[in-house]
1. Based on the alpha-carbon gyration tensor of the stretch 61-134 and its eigenvalue square roots a ≥ b ≥ c, which shape applies: rounded if a/c is under 1.5, prolate if not and a/b is larger than b/c, or oblate?
2. Taking all protein chains in place and a 1.4 Å probe, what share, in percent, of the accessible surface of the stretch 67-135 do carbon and sulfur account for?
3. Within the set of other residues whose C-beta is less than 10 Å from the C-beta of residue 219, count the net charge using Lys and Arg as +1 and Asp and Glu as -1.
4. Can you list the lysines whose alpha carbon sits under 30 Å from that of residue 190, skipping same-chain ones fewer than 8 residues off?
5. Classify the stretch 12-149 from the C-alpha gyration tensor, please: rounded if a/c falls under 1.5, else prolate or oblate depending on whether a/b exceeds b/c.
6. Working with all protein chains in place, sort 227, 252 by solvent-accessible area computed with a 1.4 Å probe, largest first.
7. Against the longest principal axis of the chain, how steep is helix 165-175, in degrees 0 to 90 to the nearest 10, with axes from Cα atoms?
8. Please report the spacing between the Cα centers of the stretch 291-310 and the stretch 207-270 in Å, no decimals.
Amino acid sequence: MKGLWLENQQLQLRSQLPIPEPPEGEALIRVLRAGICNTDLELLRGYYPYSGILGHEFVGVVERGPESLQNQRVVGEINAACGECRFCRKGQPTHCENRTVLGIVNRNGAFAEYLTLPVKNLYAVPDTITTDMATFTEPVAAALEIQEQVPITPGDRILVVGDGKLGQLVAQTLALTGCDLLAVGRHRDKLENLESLGIKTGFADAVTDGQFDIAVECTGNPEGFTIARRALRPRGTLVLKSTYAGHLTLDISSLVVDEITLIGSRCGPFPKALELLAQNKINVNPLIQAKYPLDEAIAAFEHAQRRGVLKVLLEISP
């Protein structure tokens, strides 16, 4: 099969990769569509020493698996857990001590014609969700994880820093809570996309220091972190949604003095994400800026790395 291979921070399109053989409890999935996200770009830059097939945002068709899922479109949670460690026993499989992670840690990913995942990780895609829309299930779920971690009420003042792929989805999901929301970024066209959905937006100078209950950092750069941190009132909550290839310099004393709660946030609930997509409560189509066939995957990555680009999709198979 064909697949996009990462090794030593270099990408190579390989055409003679073996089709994976699903172990017991896993399904073989023919990939239809896959999305390039910031984590893929960070892996290319060396954020984590991964070698293998990249990609974790996907929708595919089950070719070998349980009869209930045969020939159905599915999406899948990316963490394959052991089911036995202390985190699995606590119902926290995303922190499994022995987990593999699709396209990120010790498991080949979705930028290939086939992948395997545990059957328990898979969710059927409703017919009302297009294949392009379904590709966003994983990032929408990641955006929703904030609401799993932090109680949010309509009276909360919330700041989203970043108008990129993740920031757009975080802002849309938070807006559904009825909170007092402001999303800030650098790109007028991206902010206009949020404004068209009734979300207040602005540039960094629109942020008043010390006035927000919750700030969500979606840029993955130190400047974004600084804006989010300054925006918080004492005893506010800072949510970090981005991975960082480099290191941050933190004023730890200010976190202590202001009693700031710092929360890392990543994978989230797939059923809720699919529900919102099926109900058209999240508008993902304007985020798609380009589609490339798998044969042009390296060009797709070059496109995805351009400043200001939103979502680039790989069309893997018909």
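The values are calculated or read from the model by the stated rules, or taken from the named source; none is laboratory data. If you're wondering where the values come from, they're calculated on a predicted model, not measured in any experiment. Heads up, the Cβs are rebuilt from the backbone with ideal geometry, glycines too, and the neighbour counts pull from every protein chain shown. Keep in mind that these areas ignore ligands, DNA and RNA; they rest on the heavy atoms of the full protein, side chains included. Shrake-Rupley method; radii C 1.70, N 1.55, O 1.52, S 1.80 Å.
1. Values: a/c = 2.05, a/b = 1.70, b/c = 1.20.
In terms of gyration-tensor shape, prolate.
2. Solvent-exposed carbon and sulfur of the stretch 67-135 make up 42 percent of the total.
3. Values: positive: 186, 241; negative: 163, 217, 223.
Within the 10 Å Cβ shell, the charges total -1.
4. Here the lysines satisfying the reach criterion relative to residue 190 are 165, 200, 241, 272, 281, 291, 311.
5. Rounded, because the longest to shortest axis ratio a/c is under 1.5.
6. 252, 227
7. Here the helix axis deviates by roughly 60 degrees.
8. Spelled out, the Cα-based centre of one part sits 30 Å from the other.
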